[in-house]
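The values are calculated or read from the model by the stated rules, or taken from the named source; none is laboratory data. These numbers were taken from a predicted model, which means no experiment stands behind them. Positions of Cβ are backbone-derived with ideal geometry, glycine not excepted, and every protein chain shown enters the neighbour counts. What goes into the accessible areas is simple: the full protein's heavy atoms, side chains included, and nothing from ligands, DNA or RNA. Shrake-Rupley method; radii C 1.70, N 1.55, O 1.52, S 1.80 Å.
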Amino acid sequence: MPDPAIRDERFPDGRHLVQAHDYLRRQLRELHVLLTRAEGRTPASNQGTAQQATLSLRRQFDLFCRSHCQVLLQHHTREDTVMFPHLRRADPSLARVLDRLEREHRTIQAILERVDRALAHDPGELRTAINLLTEALLAHLAYEEEMLVEPLSRHGG
């Protein structure tokens, strides 16, 4: 099934935006599940096997996290380069909303860079960075849907 967060076709209304955001929310939940598993503790009697399992879970988390971050970047890039310019032309009254959403994209990009640094150099910072990403992204998605679903239904994307 194609990834709805990065589908490249134009969409006739705001439903596609909600579908893409729902996909990103599911991925974010899965990211938390994988991180919790990767941080899991096992009894000392099984330490060798536990360490191997933890490393395997950590690799799985790293791959999933990098994939999720890439999908999110592609989604925001598409919004910034296709959807937002279209909406600016179709409905100039959305300028302040779109300016805010673009600022939020830059903020989320900075958080993604923090997540990437934590993955590479500071696993102790990873939970904090993922929690920060979750808070910022969920608020952003909710605001974007509140402000853009109706205009997208009127003007297309």
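Details
- Heavy-atom accessible surface of GLU113, to the nearest 10 Å², is about 90 Å², with a 1.4 Å probe and all protein chains retained.
- Counting only protein heavy atoms and using a 1.4 Å probe, the accessible area of VAL97 comes to about 20 Å².
- Computed with a 1.4 Å probe over protein heavy atoms only, the accessible area of ARG37 comes to about 130 Å².
- Exposure rank, largest accessible area first [PHE64, PHE84; 1.4 Å]: PHE64, PHE84
- Added length on full extension, which subtracts the Cα-Cα distance from 0.36 nm per residue, LEU73 to HIS121: 15.2 nm
- Within-12-Å neighbourhood charge of ASP99 [Cβ basis; K, R +1; D, E -1]: +2
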